[in-house]
Amino acid sequence: MAIPIPRRPSGFLLGNAHALVTIDVFLDIQCPHSRAAWPSLMALMESYKDKSLSLRVHLLTLSNHRQAWDVSLGIFALAEGDAEKFRGFVSFLFDRQEQFNNAAFSNKTHVDLQQLVADLAQEHGAVDRDAFFERMQSHEIYVDARTPIRYAATKSVWATPTFFVNNGDNVPVDHKSSMEEWRALIEPLLV
């Protein structure tokens, strides 16, 4: 089956849309390795904010991360397509990942999870809870949240985090990489 044409490209773009260097990263909000990679990616974007670098973040839901799908729906609902809102809420959620991991939800329901996502959205910033729930459950958000998963399939992505730099997949960095390792990769590409 062909992938339907989405309303917008997959992912949230942080940085210059016309950058010489583009990092694509596929993350799962419930993945501890994705959480480990996030601070380095944010530090990298801050360090290169005046350089020709961009980061496109694609949220996936891995099959063993049962809560990630609903949390991702909440991220898309809160962000409303805004990359800065996305960045802020994802950072906030990674800091609270233990609240929605599999162990925390071993005896909880889907309704419990949806309530937690709404609680976290309210804690993060002012949201109208009813409007947030309605948006989180909308067809538009469903389509936006599934687009990165389908895009990942076209790139043979099966794990998170997965990195591409300028669409190349032979990337010598991972979730444990230091800023020096990231700089060694990026600096030669910026000339």
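Of these, Ser10, Ser72, which one is among the hydroxyl-bearing types (Ser, Thr, Tyr), assigned to a helix (DSSP H, G or I), surrounded by 20 or more Cβ atoms within 10 Å (Cβ to Cβ) and in contact (Cβ under 8 Å) with a residue 60 or more places away in the chain? Write out each step before concluding.
Working: Ser10 fails: assigned to a helix (DSSP H, G or I).
From the options Ser10, Ser72, the qualifying one is Ser72.
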Discussion item. Of the conditions (1) in contact (Cβ under 8 Å) with a residue 40 or more places away in the chain; (2) part of a loop (DSSP other than H, G, I, E, B), Asn107 satisfies every one except a single condition; which number is it?
Written reply: (1)
Discussion item. Being under 17 Å from Ile141 (Cα atoms) and modelled with pLDDT under 95 is the requirement here; does Ser72 meet it?
Written reply: no
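Just the residues that are assigned to a loop (DSSP other than H, G, I, E, B), without any contact (Cβ under 8 Å) to a residue 60 or more places away in the chain and either surrounded by 13 or more Cβ atoms within 10 Å (Cβ to Cβ) or on the phi < 0 side of the Ramachandran plot (or both), please, taken from segment 156-191. I'd like the intermediate steps shown before the answer.
Taking segment 156-191 as the starting set, the residues that turn out to be assigned to a loop (DSSP other than H, G, I, E, B) are 156-161, 166-167, 169-178, 191.
Then drop every residue that is not without any contact (Cβ under 8 Å) to a residue 60 or more places away in the chain, which leaves 156, 158, 169-173, 191.
Correct list: Trp158, Asp169, Asn170, Val171, Pro172, Val173, Val191.
Looking for something touching a strand residue (DSSP E or B) at 6+ places or on another chain (Cβ under 7 Å) and touching a residue at least 12 places away in the same chain (Cβ under 8 Å) - is there at least one such residue anywhere in segment 85-93?
So the first thing to find is which residues in segment 85-93 are touching a strand residue (DSSP E or B) at 6+ places or on another chain (Cβ under 7 Å), and the list is 86-87.
With the extra rule that they be touching a residue at least 12 places away in the same chain (Cβ under 8 Å), the set shrinks to 86-87.
Checked against the condition, which is being touching a strand residue (DSSP E or B) at 6+ places or on another chain (Cβ under 7 Å) and touching a residue at least 12 places away in the same chain (Cβ under 8 Å), segment 85-93 yields at least one hit.
What tally of residues in segment 15-33 results from selecting those that are over 18 Å from Tyr151 (Cα atoms) and either among the aliphatic types (A, V, I, L, M) or outside any loop (DSSP other than H, G, I, E, B) (or both)?
To start, the set of residues in segment 15-33 that are over 18 Å from Tyr151 (Cα atoms) comprises 15-21, 30-33.
Pick out the ones that are also either among the aliphatic types (A, V, I, L, M) or outside any loop (DSSP other than H, G, I, E, B) (or both) and you get 15, 17, 19-21, 32-33.
The total comes to 7.
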Worksheet entry | Subset of segment 132-152 that is hydrophobic (A, V, I, L, M, F, W, C) and in contact (Cβ under 8 Å) with a residue 40 or more places away in the chain - its residue that is farthest from Phe89 (Cα to Cα) | Ala152
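Tell me, yes or no, whether segment 122-143 has at least one residue that is small (Gly, Ala, Ser), surrounded by 12 or more Cβ atoms within 10 Å (Cβ to Cβ) and under 25 Å from Asp24 (Cβ atoms). Please lay out each step first, then the result.
Going residue by residue through segment 122-143, those that are small (Gly, Ala, Ser) are 125-126, 131, 138.
Imposing the further condition that a residue be surrounded by 12 or more Cβ atoms within 10 Å (Cβ to Cβ) reduces the set to 138.
Remaining after also requiring under 25 Å from Asp24 (Cβ atoms): none.
Looking for residues that are small (Gly, Ala, Ser), surrounded by 12 or more Cβ atoms within 10 Å (Cβ to Cβ) and under 25 Å from Asp24 (Cβ atoms), one finds none in segment 122-143, hence no.
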Practice prompt. Tally the residues that are in a helix (DSSP H, G or I) and either surrounded by fewer than 20 Cβ atoms within 10 Å (Cβ to Cβ) or out of contact with any helix residue (DSSP H, G or I) (no Cβ under 6 Å at 6 or more places or on another chain) (or both), restricting the search to segment 80-89.
Written response: 5
Worksheet item: Are any residues in segment 42-55 surrounded by fewer than 21 Cβ atoms within 10 Å (Cβ to Cβ) and in contact with a strand residue (DSSP E or B) (Cβ under 7 Å, 6 or more places away or on another chain), and if so, which ones?
Response: Met45, Ser52, Ser54
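The values are calculated or read from the model by the stated rules, or taken from the named source; none is laboratory data. Keep in mind that what you see is a predicted model, and the values were worked out from it rather than measured. Using ideal geometry, Cβ is built from the backbone for each residue, glycine included, and neighbour counts are taken over all protein chains shown.
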